[in-house]
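J.: Take a look at the following structure, please.
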Amino acid sequence: MHEPPLTLGFEDEPEPDEPAGRPARATGPTAAKPALTAATSTRGFVVRTDGAARGNPGPASAGAVLLSLARPDARNPRAVPDASISDYLGIQTNNVAEYTAVVRAVGLAIELGARRLELLLDSKLIVEQISGRWRVKDAKLRVLWADVLKQLRTLPDGWTAAHVPRAQNSLADAMCNEAIDRVMAGGPESVVRRPG
């Protein structure tokens, strides 16, 4: 698989030479190392994100949960997260909220010292765009797309991205709902929980 291009396209269509349904993996100098390194790298996180907009556009939020790759239950959708994000975003579209959740989750993971990330996202659009199979058509998403890729390329042990059913990201979804409800009740716009 190839690394997504830095140029911006105008179609949200799969590239004809790429097989569908496989997890994306970055390539190039900062991509995942050979299978042995990637499989044994535990200094990183499984990242599950969600974005929500009540109305489209409407009051929006970003939610994310991070689970250490060193944990045996890291890929369990119900596992208690090591870190989480619950951010209110103001009035945004759903796709902007989804992308913002990924940007903020990857940023937090890097801040926490991640060398590798496994993104499990219920947004097929984001998985396909960051993997380079679909181009970014929406101008509002281009900056967020570029920001995600810039961050992911800094990971020494690489990254993967896979599309999962929405039900597997219910904890991230809960972080989204918590953010909107919290702000509507007069609470803070952002709550970030870190390990320890």
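J.: Cβ-Cβ below 8 Å, separation at least six or inter-chain, first residue in segment 58-73 and touching a residue at least 24 places away in the same chain (Cβ under 8 Å), second part of a strand (DSSP E or B) and surrounded by fewer than 19 Cβ atoms within 10 Å (Cβ to Cβ): which pairs?
T.: Gly58/Ile91; Pro59/Gly90; Pro59/Ile91; Ala60/Gly90; Ala60/Ile91
J.: Answer yes if at least one residue in segment 57-64 is assigned to a helix (DSSP H, G or I) and surrounded by fewer than 22 Cβ atoms within 10 Å (Cβ to Cβ), and no otherwise.
T.: Step one: list which residues in segment 57-64 are assigned to a helix (DSSP H, G or I), which gives none.
Checking segment 57-64: not a single residue is assigned to a helix (DSSP H, G or I) and surrounded by fewer than 22 Cβ atoms within 10 Å (Cβ to Cβ).
J.: Separate question: Answer with yes or no whether Glu98 is crowded, with 24+ Cβ neighbours inside 10 Å, charged (D, E, K, R) and in contact (Cβ under 8 Å) with a residue 40 or more places away in the chain. Before you say what the answer is, go through the steps one by one.
T.: Values: crowded, with 24+ Cβ neighbours inside 10 Å: yes; charged (D, E, K, R): yes; in contact (Cβ under 8 Å) with a residue 40 or more places away in the chain: yes.
Spelling it out, Glu98 is indeed crowded, with 24+ Cβ neighbours inside 10 Å, charged (D, E, K, R) and in contact (Cβ under 8 Å) with a residue 40 or more places away in the chain.
J.: In segment 111-124, is there at least one residue being assigned to a strand (DSSP E or B), touching a residue at least 24 places away in the same chain (Cβ under 8 Å), touching a Pro at 6+ places or on another chain (Cβ under 7 Å) and crowded, with 20+ Cβ neighbours inside 10 Å?
T.: Pass one, segment 111-124, residues assigned to a strand (DSSP E or B): 116-121.
Among the residues that remain, those that are also touching a residue at least 24 places away in the same chain (Cβ under 8 Å) are: 116-121.
When the remaining residues are screened for being touching a Pro at 6+ places or on another chain (Cβ under 7 Å), the result is none.
No: zero hits.
J.: Cβ-Cβ distance below 7 Å, separation of 6 or more or different chains: which pairs start in segment 138-149 with a residue that is at pLDDT below 95 and end on one that is in a helix (DSSP H, G or I) and not hydrophobic (A, V, I, L, M, F, W, C)?
T.: Within 7 Å, the pairs are Asp138/Asn95.
J.: Give the residues of segment 130-162 that are over 25 Å from Arg43 (Cβ atoms) and either of a type in the set (Gly, Ala, Ser) or surrounded by 19 or more Cβ atoms within 10 Å (Cβ to Cβ) (or both), sorted by residue number. Let's see the steps before the verdict.
T.: Initially, segment 130-162 is screened for residues over 25 Å from Arg43 (Cβ atoms), giving 132-146.
Scanning segment 130-162 gives Gly132, Arg133, Trp134, Arg135, Val136, Ala139, Leu141, Leu144, Trp145, Ala146.
J.: Could I ask something else about it? Please determine whether any residue of segment 172-188 is under 17 Å from the mean Cα position of the chain (by Cα), in a helix (DSSP H, G or I) and not aliphatic (A, V, I, L, M).
T.: yes
The values are calculated or read from the model by the stated rules, or taken from the named source; none is laboratory data. The shown structure was predicted, so the numbers you read here are calculated from the model rather than taken from an experiment. Virtual Cβ from ideal backbone geometry, glycine too; neighbours counted across all protein chains shown.
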